[in-house]
Amino acid sequence: MTYAAPAACPTEVEFLERVRSRVRRVEFAAPGELGRTFAVTLGVIAGDAGFLGRLEFIDTDGRRASRSLKGAACDELASSLALITALALDDRIAEAPQNEASPEPSPLPTEPSAPTPKTNPGPVAPPRLPEPPARARPGIRRLRWELGVNAGVFSWVTASAARELGLYAELGSRAPSWSVRLSAFDGRRSKSNPELGSADFAVDWLRLEACPIALTLPAHFSFTPCAAFDTGRLRATAQISNAQPQDIVWAAGTAILRLSWVHRERLVLGWDSELGVPFRHQTYGFQNPDGTVLEVPSLGVGAKFGLGLRFP
């Protein structure tokens, strides 16, 4: 048995267990032993059209046979191929000679009858495998949800690294491809000037991300470029008595490169590298004496770590 499949599909051990659970008795030959050859190949169809599976084997008449299936989910496709493999093995086992130790049943006595002329039997059709399960209708794509949390730093609001915490909800295709994400963040930073004083800055914002493609990597990794729009509130509060906070509407465009690792299609770990461009450049300062304590930069970078769960 040879088995080849991408990381999003069941492993070879899992596939063989599914075959064993469907056949009465079967033994897989060890390397170097003689046996029938079954080759199973699973792969991703370009353009997010699902997965393609193929089974090649030698049938009971010694002829090469093959079956091809297409499905939206690799796990279901592997189960269908395991069923077809088990049925092909079961036909071969059924033709094996019975144990010689088991006695044959004695024939029942019959009345003598007139001899019947011998006729040559016609050709016997070889046994046919059952038809494969119905293929998934083209155009139907399975979706998945993802919920998670983020933590990191960014520098395109306070000019230096500020801490950020966030929550997100994501909708995307089950196979690694497109996705959209809505996030909510809170960032904090204190700035001080020895001659002027100190001020606290708080940023609360929403982010809408669009990720049109994803590059599948080995070992359950994927690489995704995204574009995002941020909008929210930037609040500044001076650390002096009777100080009144000042709020402005804040917005920025962000480019994101995301590296993700998925464990058993459920747990997701992500690392984002970000480049942010604020659309409004605000300056904060003190009076008497006059001076600037913060100026929103025109460009900044950020990085954050994410932990999420996928459904279904």
If contacts are Cα pairs under 8 angstrom and at least 6 residues apart, what is the relative contact order of region 143-311 in percent? 24
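Extension gain Ala202-Trp145, at 0.36 nm per residue separation less the Cα-Cα distance, in nm? Kindly include the intermediate steps, with their values, before the conclusion.
Details: separation 57, 0.36 × 57 = 20.52 nm, distance 3.02 nm.
Once the chain is fully extended between Ala202 and Trp145, it gains 17.5 nm.
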Sticking with the crude label model, points 7 Å out along Cα→Cβ, report the distance from Glu76 to Leu269 in nm, one decimal please. 3.1
Using each residue's phi in region 267-272, evaluate 6.51 cos²θ - 1.76 cosθ + 1.60 at θ = phi - 60° and report the 3J(HN,Hα) Karplus result to the nearest Hz, with x for Gly and Pro. 8, 10, 10, x, 10, 10
Quick one: if you stick a label point 7 Å off each Cα along the C-beta vector at Ser173 and Asp59, how many nm between them? 3.5
Across 10 Å bins from the origin, how do the percents of Cα pairs in region 143-311 run, short distances first? 10, 38, 27, 15, 8, 2, 0
For a quick check: sort Ile58, Ile240, Ile84 by the number of other beta carbons within 10 angstrom, fewest at the front. Ile240, Ile58, Ile84
What is the fewest-to-most order of Phe223, Phe57 by other Cβ atoms lying within 10 Å of their Cβ? Phe223, Phe57
Can you pull the one-decimal nm distance between simple spin-label points at Ala303 and Arg188, each 7 Å off the Cα toward Cβ? 2.3
Among Phe305, Phe38, which comes first, then next, by fewest other beta-carbon atoms within 10 Å? Phe305, Phe38
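Could you tell me the calculated FRET efficiency between Leu217 and Thr292, based on Cβ-Cβ distance and R0 = 41 angstrom, to the nearest 0.05?
Working: r = 45 Å, r/R0 = 1.11.
It comes out at approximately 0.35.
Just so you know, all these numbers are worked out from the coordinates, no wet-lab data involved. From a predicted model like this one, the values you see are computed outputs, not experimental measurements. Glycine also receives a Cβ, built like all others from the backbone with ideal geometry; neighbour counts cover every protein chain displayed.
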